[in-house]
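Bear in mind that the values in this text are calculations on the coordinates, not laboratory data. What you are looking at is a predicted structure, and each value in this text was computed from that prediction instead of being measured. Methodologically, a virtual Cβ is constructed for each residue, glycine included, from the backbone with ideal geometry; neighbour enumeration extends over all protein chains shown.
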Ligand SMILES: [Mn+2]
């Protein structure tokens, strides 16, 4: 298609700066990313249906000349540019792994999960930047590594004694520092507010976060010692008065019954007593400890919600504490990104590529596409009244509106100009969304399917009617 559709524009913005040593390679990367954005799928064969295109994609992905790092840094740089307009961004950092099929153990994938289980794949930590309202902006960093295939024969004692930079903890620190570096370069006035789940409650990670001089919230995993006479975090908070409460709507899940929980909130400024594992030196870390606890009855056999948060944000009142809790709930969006990327709309775990480097090249493009879908999803929920043109071209809006007009119910009125909320719902409807099955707003899978159908319709409009993008 000759016209620049939104996917093409997005791909240029995201990967157009990739320094691959040859402009043709960058152009190939951009074209590939645009095509993945139009028709996201897990395998190269599903995305590229024309032989020449497909072969070109394989050649690119398997070429030793295409630097994985250059693809990554184009993507993370573009994410930082997107952050530049924000005063502060939430940065959720979380680990995951791609589980990949290697039946004959012939590929260079490492071990994942339990060594005894023999799973194969690649480990990755991602840093997802979002606006303070929780709209994804892009990935500021991805840290990839492979574990050895067989369990290293090292005693537990020796393992603990290893310096931090040889442990996986260092990967977290690299992801945090890498995100800050990217922001400094492209968005020097934007502050980062890191959000990490219980895996972040490790002394080297807390010290690395402190060293960035940015903000953070980490979910506490340990009842750490504090420099007050009551001794530990939990004891300190147990003596603290309830400062407020709120109702929390919990959706159901495999281990949880849907319910509305009454949460009690207390908070205290505390000084954590840490010991630097490298130097043995004592370090004091001042944070606010916030405890949000379910005080209504939980269903039988289920634990009550209990969140202990450690944050650099000062709580001068219940409003501040609630804002920290609200920020932490947005950390969940990186889990949704993982799902969309790995097994949902982008399905990267289906890839048949045979080397770690090829998988990484493909998975990086596909990660950027997954963020784009998550962004559309949250943009339409968070700022539904923005004009549709923030994410779609005039022609795409025109085709989408025409399709909607044909499908609309008798008494359904059409807006004069579509908002992003309208457009997203119409795209989801093209993808089969009725609002009935989940009861909630459109998710990534219906959006992916809808975007794909919209793309085909736009192509038909161009081919049959000669419409172009200024139409
Ligand atoms: Mn995690």
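Which value in nm describes the separation of the simple spin-label points at residue 27 and residue 281, placed 7 Å from the Cα toward the beta carbon?
About 5.4 nm, to one decimal.
Between helix 356-382 and the chain, what is the angle of the helix's C-alpha long axis to the longest principal axis, kept within 0 to 90° and rounded to the nearest 10?
Roughly 90 degrees, rounded to the nearest 10.
Once the Cα atoms of the stretch 333-381 are picked out, what are the Rg and Dmax in Å?
Cα radius of gyration and Dmax of the stretch 333-381 are 11.4, 39 Å respectively.
Is the stretch 304-370 rounded, prolate or oblate when judged by the Cα gyration tensor, a ≥ b ≥ c being the square roots of its eigenvalues, rounded requiring a/c under 1.5 and prolate requiring a/b larger than b/c?
It comes out prolate by the Cα gyration axes.
Angle check, please: helix 420-430 long axis (alpha carbons) against the longest principal axis of the chain (alpha carbons), in degrees 0 to 90, nearest 10.
The angle comes out near 70 degrees.
Nearest 10 degrees is fine. How inclined is helix 6-15 to the longest principal axis of the chain, computing both from alpha carbons?
Roughly 50 degrees between the two axes.
Could you work out [θ]222 nm for the chain from helices alone, using -39500 (n - 2.57) per DSSP H run of at least four and dividing by all its residues? Round to the nearest 500 deg cm²/dmol.
Mean residue ellipticity at 222 nm (helix-derived): -13000 deg cm²/dmol.
Treat the stretch 1-93 as a sphere of radius equal to its Kirkwood radius over Cα pairs and apply Stokes-Einstein at 4 °C in a medium of 1.567 mPa s; give the translational diffusion coefficient in µm²/s, rounded to a whole number.
91
If you stretched the chain out fully between residue 68 and residue 221, how much longer would it get, using 0.36 nm times the residue separation minus the C-alpha to C-alpha distance?
Between residue 68 and residue 221, full extension yields an extra 51.6 nm.
How big is the stretch 383-465 in terms of Cα radius of gyration and Dmax, in angstroms?
12.4, 38
Looking at the P(r) of the stretch 131-273, how many percent of alpha-carbon pairs lie beyond 18 Å?
Summing the P(r) of the stretch 131-273 above 18 Å gives 72 percent of all pairs.
Normalised by the residues of the stretch 313-470, what does the relative contact order come to in percent, with Cα pairs under 8 Å and at least six apart? Before the final figure, lay out each step's value.
Values: 141 pairs, mean separation 34.8, N = 158.
After rounding, I find 22 percent.
Please give the contour-minus-distance gain from residue 168 to residue 343: 0.36 nm per residue of separation, less the Cα-Cα distance, rounded to one decimal in nm.
Full-extension gain reported as 60.6 nm.
Which FRET efficiency, nearest 0.05, do residue 88 and residue 51 yield, Cβ-Cβ r, R0 41 Å? Could the numbers behind the result be given before it?
Details: r = 48 Å, r/R0 = 1.17.
E(calc), rounded to 0.05, equals 0.30.
To the nearest µm²/s, what D does Stokes-Einstein give for the chain at 10 °C and 1.306 mPa s, using the Kirkwood radius over alpha carbon pairs as Rh?
66
Using only alpha carbon pairs under 8 Å that are at least six residues apart, calculate the relative contact order of the chain and give it in whole percent. Before the final figure, lay out the partial values.
Numbers: 830 pairs, mean separation 70.7, N = 471.
In percent, rounded to a whole number, it is 15.
If the label point is 7 Å along Cα→Cβ of residue 300, which residues in the stretch 229-272 have backbone nitrogen under 16 Å from it?
Under 16 Å, as judged by backbone N against the label point of residue 300, lie 257 of the stretch 229-272.
How would you rank 346, 266, going from fewest to most other Cβ atoms within 10 Å of each one's own Cβ? Intermediate values should be presented prior to the final figure.
Working: 346 29, 266 21.
Ranked by crowding around the Cβ, least crowded first: 266, 346.
Once Rh is set to the Kirkwood radius over Cα pairs, what Stokes-Einstein translational diffusion coefficient, in µm²/s, holds for the stretch 331-471 at a temperature of 4 °C and a viscosity of 1.567 mPa s?
80
For residue 456 and residue 99, FRET efficiency with R0 = 41 Å and r from the beta-carbon atoms, rounded to 0.05? It would help to have the intermediate numbers written out before the result.
Values: r = 31 Å, r/R0 = 0.76.
Once rounded, the FRET efficiency stands at 0.85.
Would you order 212, 340, 49 from fewest to most other beta-carbon atoms within 10 Å of each residue's own beta-carbon?
Lowest to highest Cβ neighbour count: 49, 212, 340.
Run the quick spin-label model on residue 181 and residue 211: label points 7 Å from Cα toward the beta carbon, then report their separation in nm to one decimal.
1.3
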